[in-house]
Each structure stands twice: as structure tokens, then as C-alpha cells.
1. For helix 106-127, what angle does its Cα long axis make with the longest principal axis of the chain, in degrees from 0 to 90 and rounded to 10?
2. Give me the angle, in degrees from 0 to 90, between the Cα long axis of helix 159-168 and the longest principal axis of the Cα atoms of the chain, rounded to the nearest 10.
3. How much FRET efficiency would the formula 1/(1 + (r/R0)^6) give for Ala128 and Ala102, where r is the Cβ-Cβ distance and R0 is 30 Å, rounded to 0.05?
4. Out of these labelled values of Rg/Rh (Cα atoms, Kirkwood Rh), (1) 1.00; (2) 1.07; (3) 1.03, which was calculated from the coordinates shown here?
5. In a GNM of the chain with a 10 Å cut-off on Cα contacts, which of Ile101, Ile49, Ile80 has the highest mean-square fluctuation?
6. For Ser164, Ser108, write out the residues from largest to smallest accessible area, computed with a 1.4 angstrom probe and no ligands counted.
7. Please state the shape class of segment 28-87: rounded when a/c is under 1.5, otherwise prolate if a/b exceeds b/c and oblate if not, all from the C-alpha gyration tensor.
8. Full extension from Asn33 to Ser6: what is 0.36 nm times the residue separation minus their Cα-Cα distance, to one decimal in nm?
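The values are calculated or read from the model by the stated rules, or taken from the named source; none is laboratory data. Everything quoted here is computed from the prediction, not taken from an experiment. Reconstructed Cβ throughout: ideal geometry from the backbone, glycine too, with neighbour counts over all protein chains shown. To get the accessible areas, we keep the full protein, side chains included, count just its heavy atoms, and leave off ligands, DNA and RNA. Shrake-Rupley method; radii C 1.70, N 1.55, O 1.52, S 1.80 Å.
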Amino acid sequence: MQNTMSKKVLFLVQSAAIAAIYTVLTYIAAAMNLAYNAVQFRFSEALTILPVFTPAAIPGLTLGCFLSNLASPLGPIDWICGSAATLLAAVAGYLARNVRIAGLPMVSALCPVLANALIIGLEIGWLAVPGGGMDLAAFLSGALSVGIGELVVVAVLGLPLAASLERTGASRRIFSC
């Protein structure tokens, strides 16, 4: 009973900490005008690698994205689409956590790139047509720009974060239940 309760508390604490860190990092990027444009370099997206280490990252990242998108100039559509993209990416990243290329969780790292490129690209394409519809050119350019920004952050910050957590053993100390 005590062990089960400890695991639940640890899960909640990890989720809350991830959500808080994600939100703060996104607001820092927003202060630098990097968080809500067509080309996004959210430092917080480096944390999308964390589902490799703990399932607590799934609700943590999703909540962090939702809280971060409350400041989005696109409003409720970004709350929904951004959170959905993050949830999908986190679940897929968790499911692919054991697939390694050169010892790194490359497939898990690609999950947020693809999810954000497609879902946020669709959001951009849809918002480009007043009154509804889909602008294919806006979708393609939005998907490409969001995907490239996501890829840069995940490759430059996320994969080194994963490698560092594994190399130092911090992933076992921080995320073990």
C-alpha cells in the first residue's frame, strides 16, 4: 500500500514539475518572440524527450503546453491543437522509447517533430482561410517551418539532454518509481 501511494505521489510530482518547467521555458522563449510564430524555437520542446524516461512526462508535457498556450495570440484553437499535438507526441515517444539508433532514442525524438509539424501545420492552414477551409500552401509552409524549428530544438537540446541523463545515471535517480 505504502509503495503504491509513493509511486502515485512521485508520478504527480514529476508531472507537475515537468509542466512547470515546460511553461517557464516557453514563456522565456515568448519573451524573446520565439514561442508563438510560424517559426518556433521553444526551448521547452527539449523536454519532449522525457517520455523516454517516465510516463509522467505525458500529462506533464500536455499540461505544460496547455498552460503555455494560454498566452498564444491564436487563443483557444492553439490551446486545443497545441495540447493535442503534444499529447500525441508524448504518447508516441513513450511507446517508441526502446527504439534506439546509435544508442539514442531517435524515433522518440522525431515524434514531437512530426506531430507538431502536421497538427500545427493544419491549424495554420485552417486559420489562413477566413470563415473556414484549408489553404494548402499555408499548411505546407506552416508544417515545414514548425517542423524545422521543432527539429532544431529536439536535435540541439533534446537529444543531448537524453544522452546526458543516461550517461550520468540521472534518469534512474530522477525518474525511477
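1. So the helix axis and the longest Cα principal axis differ by about 30 degrees.
2. 10
3. On the way: r = 39 Å, r/R0 = 1.30.
About 0.15, to the nearest 0.05.
4. Only one option fits the structure, namely (1).
5. Maximum among the listed residues: Ile101.
6. Numbers: Ser164 45, Ser108 0 Å².
Result of the area sort, largest leading: Ser164, Ser108.
7. On the way: a/c = 2.38, a/b = 1.45, b/c = 1.65.
It comes out oblate by the Cα gyration axes.
8. Values: separation 27, 0.36 × 27 = 9.72 nm, distance 4.01 nm.
Stretched fully, the Asn33-Ser6 segment lengthens by 5.7 nm.
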